[in-house]
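Scroll down for the structure; my scribbles are underneath it.
Just so it is clear, none of the values below were taken in a lab; they were calculated from the coordinates. All of these numbers come straight from a predicted model, not from anything done at the bench. All Cβ positions, glycine included, derive from the backbone under ideal geometry; neighbour counts span all protein chains shown.
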Amino acid sequence: MKEKILKLLKDNKNQFISGQEISEQLKVSRTAVWKYINALKEEGYEIESVSRKGHMLLSAPNILSYEEISEYLNTQHIGREIFYFDSIDSTNVKAKELANNEKTHGVVVIAEEQTNGRGRLGRSWSSPNRKGIWMSIILKPKIEPQDAVKITQVVAAAVWKALVQIEVRTQIKWPNDIVLNGKKVCGILTEMNGELNRLNYLVVGIGINANANINEFPEEIRNTATSLKAETGHEVERKKLVAFILNNFEELYNKLLEDRSIEEAMKICKENSALIGKDVRLIIRGEEKEAKAIDISEEGELIIQDKSGDISKIISGEVSVRGLHGYV
């Protein structure tokens, strides 16, 4: 009911709507209307309430609840149910708990803050309160387990497209990072639950450093990580960016399911690659070797050429890739 009252207030923004009208439209008591209005005010919505006039929404809080994201969302399934938390240990951990329910395909877990955010290969992920986008998507695709690696490339392409929509041009660092001016602004963590030839579910975590200042980053990552705000000089509207990511992801994801094609996603990943054509360091189980990144295969593997001229394909697995003189 609270969500319906908020929608009425948004539909009548900058003008009063009477408690009586809300009561009649939603078939609830005036007392209930007051209760929900007060609950919205406690959540940070600025609502002017005037006797004999009613209620008028003045401003909405900077939060990533479904009510704030949905007005920009045009998906059918992805993100149509959002579990929103002010603070949580990890959105991926919560998403994996929820994934055991068979009706959670497309559910998104979003938190304003993570107290134990995780990146790829067990690394920690800094997730300051209301300064970024920390979310996880639950997926239950009918694909072979070996095809799950393609999902990361689809997500990377969706994030890239969403950032273009807010006029930020980035690059994709295989297999799971988005970089801006040579520094990481987004990481993607795909976790799979399945058996040898059966996929139960995937959880895709997306962490974006949106509006943090550089001094809010841990000192040890300031040379390799940055935020959209730090690089562009202005804050981004997080709720729009979340919706744009989910919109783009559903479109690309449906092409994977329906046509078994990630052609568009791979085209984006290749044309905007931060690695292709560069000499890189591969870190495999603690050992390093240098090679040149020459392409990305249609299966999402990095194609490299070593110093002897031999060409091989690298799957993401336990591999880290770095530039010879920096992050990329």
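Rounded if a/c is under 1.5, else prolate if a/b beats b/c, else oblate: with a ≥ b ≥ c from the C-alpha gyration tensor eigenvalues square-rooted, which is the stretch 141-184? Because a/c hits 1.5 or more and a/b fails to exceed b/c, the stretch 141-184 counts as oblate. Could you tell me which of Pro128, Leu98, Asn197 has its Cα farthest along the dipole of the chain towards the positive end, charges placed at Cβ (Lys, Arg +1; Asp, Glu -1), taken about the Cα centre? Of Pro128, Leu98, Asn197, it is Pro128.
Give the percent of DSSP beta bridges with both residues in the chain that are antiparallel, rounded to the nearest 5. For the chain, the DSSP antiparallel bridge percentage is about 90. Summary value for the stretch 34-148: 21 percent relative contact order, contacts being C-alpha pairs under 8 angstrom separated by 6+ residues.
Here Lys173 is the anchor, and the aspartates and glutamates within straight C-alpha reach of less than 15 Å, apart from those fewer than 8 places off in the same chain, are Glu271, Asp279, Asp295, Glu301. Sorting 178-189, 90-101, 8-19 by average packing, meaning the other beta carbons within 10 Å per residue, from highest down gives 178-189, 90-101, 8-19. The magnitude of the dipole of the stretch 1-137, with charges of +1 and -1 set on the Cβ of Lys/Arg and Asp/Glu and taken from the Cα centre, is near 60 debye. In this structure, Glu167 and Tyr72 have a Cβ-Cβ separation that, at R0 = 22 Å, corresponds to a calculated FRET efficiency of about 0.90.
Check each of the trypsin sites (Lys or Arg not before Pro) in the stretch 14-52 and keep only those in coil by DSSP with at most 10 other C-beta atoms within 10 angstrom; list them in order. For trypsin sites (Lys or Arg not before Pro) across the stretch 14-52 that sit outside H, G, I, E and B with at most 10 neighbouring Cβ atoms in 10 Å, the list reads Lys27, Arg52. Note on Glu3, Glu287: ascending count of other Cβ atoms within 10 Å places them as Glu287, Glu3, the fewest first.
Here's the picture: charge each Lys and Arg Cβ at +1 and each Asp and Glu Cβ at -1 in the stretch 24-158, and of Thr31, Gln76, Leu64 the one pushed furthest to the positive end of that dipole is Gln76.
Partners of Lys94 within straight-line reach, counting aspartates and glutamates whose Cα lies under 16 Å from its Cα and excluding those fewer than 8 residues away in the same chain: Glu81, Asp86, Glu102, Glu112, Glu113, Glu191.
Calculated mean residue ellipticity at 222 nm for the chain: -9000 deg cm²/dmol, from DSSP H runs with n ≥ 4 weighted as -39500 (n - 2.57), summed, divided by the residue count and rounded to 500.
When only the Cβ of Lys, Arg, Asp and Glu is charged (+1, +1, -1, -1), the dipole of the chain relative to its Cα centre reaches about 540 debye.
Relative contact order for the stretch 1-48: 41 percent, from Cα pairs under 8 Å spaced at least 6 residues apart, divided by residue count.
Which shape class applies to the stretch 191-324: rounded if a/c is under 1.5, otherwise prolate when a/b exceeds b/c and oblate if not, where a ≥ b ≥ c are the square roots of the Cα gyration tensor eigenvalues? In terms of gyration-tensor shape, oblate. So what is the relative contact order for the chain, in percent, with contacts set as C-alpha pairs under 8 Å and at least six apart? Computed over the chain, the figure is 13 percent.
Among 65-74, 199-208, sorting by the average number of other beta carbon atoms lying within 10 angstrom of each residue, highest first, gives 199-208, 65-74. Under 17 Å of direct C-alpha separation, and excluding same-chain neighbours fewer than eight residues apart, Lys307 reaches these lysines: Lys278, Lys289, Lys292. Pairs spanning more than 29 Å between alpha-carbon atoms, out of Lys267/Lys313; Lys103/Lys150; Lys240/Lys270; Lys7/Lys131: none are present.
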